[in-house]
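Structure record follows, encoded as structure tokens.
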Amino acid sequence: MNTWAQIRYLSRSEGLSGRKIAARLKVSRHTVAKALAQDCPPTYSPRPPVDSAWTRIQPAVIGLLKQYPTMPCSVISERIGWEGSPSWLRENVAKLRVDYVPVDPVDRLVHRPGVQVQCDLWFPDVDIPTGDGLAARFPVLVMVACYARFITGLMIPSRQTMDILAGMWSIIRDDIGGIPNRFLWDNEAGIGQRGKLTDPAACWAGVLGATIVQTKPYDPETKGVVERANQFLETSFLPGREFDGPGDFNYQLHQWLTQHGNRRKVRAIKARPMELITSEREAMNPLPPIPPDVVDVWPIRINRDYHVRIKSNDYSVCPTMIGRIVNVHISIDRVWMTHQRMIVAEHQRSWAQATTITDPTHVLTASRLRTHYQTPQSPPVDDTISLSRDLSVYDTAFGVDLTNEPTMSTTELVVA
């Protein structure tokens, strides 16, 4: 193509002869003559089609795709006995598969202020110290106000129901500042499954006057806003950071979101989340006067070792409660036990696994009670009590009348 254009240029613009053009471009004079005779660019003459290996196996592949549109290429290769290049087969099967796989289009959503907050759990690939030289990995609750694209996050101890609900209330109260109409979740077991919410999640939503909607399985596009936020945190916040514990992680995350994450300009909305969150809050419902209950409570009888196991950790209780039933209360950061509405033990919640948390005062109390139990105690004797009695009392008790009998002296029976 380039040679054809140069030949026509040298002939018409510079007026060179065919011989000089052939000498300058180092081509034959026949090529020059042919190029000057063609007013249109030269085209490749297609060869007649010939049977290929794909032509022979194509009917069998089409038959399999009609019955099983999503069958992997490795299985197709095995069924048809293909022994050639796997990549060549994948390329040709991909061209046919689009005619048989059903299409699942995704609509673009228009988010209105105050309507929806998308929620998800992000699992960062980083070990968080939990004390005593131990480290573990914890989920991070990520919530995004869809209209403003305002990102919030909080590391929580576990993905159990009450921890998730406590984290959601903490974010709503401290960061978002309002109640949207809808919280969108995937099929997280702590929130609900098979279209039915857990009882604590339903009660939590009822107190706030909102609803929790769970997406269909295998449909991540429905909550794509929070999924992109997770990826954003994974690639922009996490790299190169070190954390002293869960509290330090939450502090750094909050500072980064305030100073950088929510001040970036989002291309989809052509605005900064920090600028739109005010209008988002104004469109939301106000916080309820009575906060939702996010404390998990259950009764338990205290045994002789005066410790209660809570989520794999053992917490001490006052030994005076041995044998009694106490109510265990657990929040996102505190553990306490009550008996008849009185607190009998209180601890900071440990995020470690299989550890024992003991209050020193409980150990001292147990030692005092143990010493008292092991020391023999004689029953107390009151010397002020007289054990003497007049014998006439027995005559009266048995109905004996001794008025006509000779006078008899009475004696006292003294019992030592």
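The values are calculated or read from the model by the stated rules, or taken from the named source; none is laboratory data. Source: prediction; values computed, not measured. All Cβ positions, even for glycine, are placed from backbone atoms using ideal geometry, and neighbour counts span all protein chains on display.
Looking at the stretch 197-224, which of its residues are under 21 Å from D174 (Cα atoms) and under 16 Å from the mean Cα position of the chain (by Cα)?
Passing the criteria: A201, I212.
Condition test on Q58, is it among the polar types (S, T, N, Q), touching a helix residue (DSSP H, G or I) at 6+ places or on another chain (Cβ under 9 Å), surrounded by 15 or more Cβ atoms within 10 Å (Cβ to Cβ) and touching a residue at least 12 places away in the same chain (Cβ under 8 Å)? Reasoning before the result, please.
On the way: among the polar types (S, T, N, Q): yes; touching a helix residue (DSSP H, G or I) at 6+ places or on another chain (Cβ under 9 Å): yes; surrounded by 15 or more Cβ atoms within 10 Å (Cβ to Cβ): yes; touching a residue at least 12 places away in the same chain (Cβ under 8 Å): yes.
Against the criterion (among the polar types (S, T, N, Q), touching a helix residue (DSSP H, G or I) at 6+ places or on another chain (Cβ under 9 Å), surrounded by 15 or more Cβ atoms within 10 Å (Cβ to Cβ) and touching a residue at least 12 places away in the same chain (Cβ under 8 Å)), Q58 qualifies.
Kindly evaluate R341 against the criterion of being without any contact (Cβ under 8 Å) to a residue 40 or more places away in the chain, outside the structural domain of P157 (by TED's automatic domain parsing) and more than 24 Å from C203 (Cβ to Cβ). It would help to see each step written out before you state the result.
Details: without any contact (Cβ under 8 Å) to a residue 40 or more places away in the chain: yes; outside the structural domain of P157 (by TED's automatic domain parsing): yes; more than 24 Å from C203 (Cβ to Cβ): no.
Taking the combined requirement at face value, the residue does not satisfy it.
Yes/no per residue for (1) of a type in the set (D, E, K, R); (2) out of contact with any Asp or Glu (no Cβ under 8 Å at 6 or more places or on another chain):
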| residue | (1), (2) |
| --- | --- |
| D244 | yes, yes |
| L257 | no, yes |
| R263 | yes, yes |
| R301 | yes, yes |
| R304 | yes, yes |
| I310 | no, yes |
| S316 | no, no |
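Do we have any residue at all in the stretch 315-333 that's surrounded by 14 or more Cβ atoms within 10 Å (Cβ to Cβ), touching a helix residue (DSSP H, G or I) at 6+ places or on another chain (Cβ under 6 Å) and part of a helix (DSSP H, G or I)?
Taking every residue of the stretch 315-333 in turn, at least one turns out to be surrounded by 14 or more Cβ atoms within 10 Å (Cβ to Cβ), touching a helix residue (DSSP H, G or I) at 6+ places or on another chain (Cβ under 6 Å) and part of a helix (DSSP H, G or I).
Please work out which residue is farthest from the chain's Cα centre (by Cα), limiting yourself to the stretch 242-251 and to residues that are touching a residue at least 12 places away in the same chain (Cβ under 8 Å) and surrounded by fewer than 16 Cβ atoms within 10 Å (Cβ to Cβ).
From the stretch 242-251, those touching a residue at least 12 places away in the same chain (Cβ under 8 Å) are 243-246, 249-250; that's our starting set.
Those left that are additionally surrounded by fewer than 16 Cβ atoms within 10 Å (Cβ to Cβ): 244-245.
Details: D244: 21, G245: 18 Å.
The residue in question is D244.
Considering only residues of the stretch 185-207 that are within 18 Å of P139 (Cα to Cα) and of a type outside the set (G, A, S), which is surrounded by the fewest Cβ atoms within 10 Å (Cβ to Cβ)?
Filtering first and then ranking leaves N187.
Working only within the stretch 242-299, note down all residues that are part of a loop (DSSP other than H, G, I, E, B), within 21 Å of V335 (Cα to Cα) and among the aliphatic types (A, V, I, L, M). Step through it out loud before you land on a result.
Applying the first criterion (part of a loop (DSSP other than H, G, I, E, B)) to the stretch 242-299 yields 242-245, 260, 264-265, 267-270, 272, 284, 286-295.
Narrowing further to those that are within 21 Å of V335 (Cα to Cα): 245, 291-295.
Correct list: V294, V295.
Of the residues P41, P59, P49, which is at pLDDT 80 or above and either farther than 30 Å from S85 by Cα or within 60 Å of the chain's Cα centre (by Cα) (or both)?
P59
How many of the residues in the stretch 208-241 are modelled with pLDDT of 90 or more, exposed (fewer than 14 other Cβ atoms within 10 Å of the Cβ) and part of a loop (DSSP other than H, G, I, E, B)?
Residues that pass the stated criteria total 4.
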